[in-house]
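Trainee: Next up is a structure, given as structure tokens.
The values are calculated or read from the model by the stated rules, or taken from the named source; none is laboratory data. None of the values given here were measured: they were computed from a predicted structure. With ideal geometry, Cβ positions are generated from the backbone for all residues, glycine too; neighbour counts draw on all protein chains shown. Heads up: the accessible areas ignore ligands, DNA and RNA and are worked out on the full protein's heavy atoms, side chains in. Shrake-Rupley method; radii C 1.70, N 1.55, O 1.52, S 1.80 Å.
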Amino acid sequence: MRIAIVGTGRMGAAVATVAESRGHEIVARVGREENGDGLTRAQLGNPDVVVEFTRPDVVETNLRRLLALDLPVVTGTTGWLDHLPEVTRLVAERSGALLHAVNFSIGVQLFLRAAESLASAARGLDTFDAAVTETHHTAKRDAPSGTALDLQARLRACDPDHPFPITALRLGSVPGTHQVLYDGPGESITLTHTARDRSIFAEGAIRAAEWLPGHPGVHTFADMLFGGSS
């Protein structure tokens, strides 16, 4: 498969490494300097699919440009979902394909489902306090993380009696740790996902890129793993 990568940060580099290890060809890596005047198929190396990991302030523009080129797009950039309705309309107009996720770890997707089950079971138990914590490396731009905000929203939907405040730490080179904590008199419950290497996120993104061509519409990583469509 011919893959173009938009974004030359650490995640873009990890995606390229994993893609090549799985036998794919990286036909272009486009950074901020090359992206000033827009994106073209020639600049992107006429790929089969594009993987986008950039910044919240440019992702919507990138998605519009890539979808206008009729290219399937996988994005792991966070902080743009307020624009999802407009992007979804563009996907429908172009009969395009987009897969987005705040986190491409398979373990995180399982963790989110387990957290929802815990919150549903704890609903109405007012003797417990509940919270979310997340820890990432000091270079991570957003705090709380997109995964933590997604987790909080899911927990609140399952257990509206608790607000689930988020504590975000930026520390060293931690790839990512997320926790759900319930604490009651004399006992506590802690559900944790720990990422030990960012290659897990790149692996998930490439699995998504392998799946997306031939699947028009807007999808999430959970849709791909567990079925369904957003």
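Trainee: Based on DSSP H runs of at least 4 residues, each adding -39500 (n - 2.57), what is the mean residue ellipticity at 222 nm of the chain after dividing by all its residues, to the nearest 500 deg cm²/dmol? Let's see the in-between values first.
Mentor: Values: 7 runs with 82 residues, N = 230.
Rounded to the nearest 500, it is -11000 deg cm²/dmol.
Trainee: So if I place +1 on the C-beta of Lys and Arg and -1 on the C-beta of Asp and Glu, and nothing else carries charge, what would the dipole magnitude of the chain be about its Cα centre? I want it in debye, nearest 20. If you can, show how the numbers build up before the last one.
Mentor: Details: 21 positive and 27 negative charges, 103 e Å.
Around 500 debye, computed over the chain.
Trainee: Roll a 1.4 angstrom probe over the protein heavy atoms and tell me the percent of accessible area of the chain that is carbon or sulfur. Walk me through the numbers before you get to the answer.
Mentor: Numbers: 5430 of 10770 Å².
It is 50 percent, rounded to a whole number.
Trainee: Could you provide, to the nearest whole Å², the per residue accessible area of the stretch 86-166 with probe 1.4 Å? Intermediate values should be presented prior to the final figure.
Mentor: Numbers: 3730 Å² over 81 residues.
It amounts to 46 Å² per residue over the stretch 86-166.
Trainee: Just the accessible area per residue of the stretch 181-230, please: how many Å² with a 1.4 Å probe? Kindly include the intermediate steps, with their values, before the conclusion.
Mentor: On the way: 2530 Å² over 50 residues.
Result: 51 Å² of accessible area for each residue.
Trainee: Pairs of alpha-carbon atoms within less than 8 angstrom and 6+ residues apart define the contacts here; what relative contact order does the chain have, in percent?
Mentor: It rounds to 22 percent for the chain.
Trainee: Compare Ile26, Ile3 by solvent-accessible area with a 1.4 Å probe and give them largest first, with all protein chains kept in place.
Mentor: Numbers: Ile26 35, Ile3 0 Å².
Descending order: Ile26, Ile3.
Trainee: Arrange the peptides 187-193, 202-208 so that the one whose residues have, on average, the most other Cβ atoms within 10 Å appears first.
Mentor: On the way: 187-193: 13.3, 202-208: 23.9.
By packing density, highest mean first, the sequence is 202-208, 187-193.
Trainee: Tally Lys/Arg at +1 and Asp/Glu at -1 over every other residue whose Cβ is under 12 Å from the Cβ of Glu60; what's the total?
Mentor: -1
Trainee: Between beta-carbons, use under 15 Å as the cut-off and find the net charge around Arg156, counting Lys and Arg +1, Asp and Glu -1.
Mentor: Numbers: positive: Arg123, Arg154; negative: Glu116, Asp129, Asp150, Asp159, Asp161.
Net local charge, Arg156 excluded: -3.
Trainee: In addition: Could you work out how far helix 146-158 tilts from the main Cα principal axis of the chain, as a 0 to 90 degree angle to the nearest 10?
Mentor: 50 degrees
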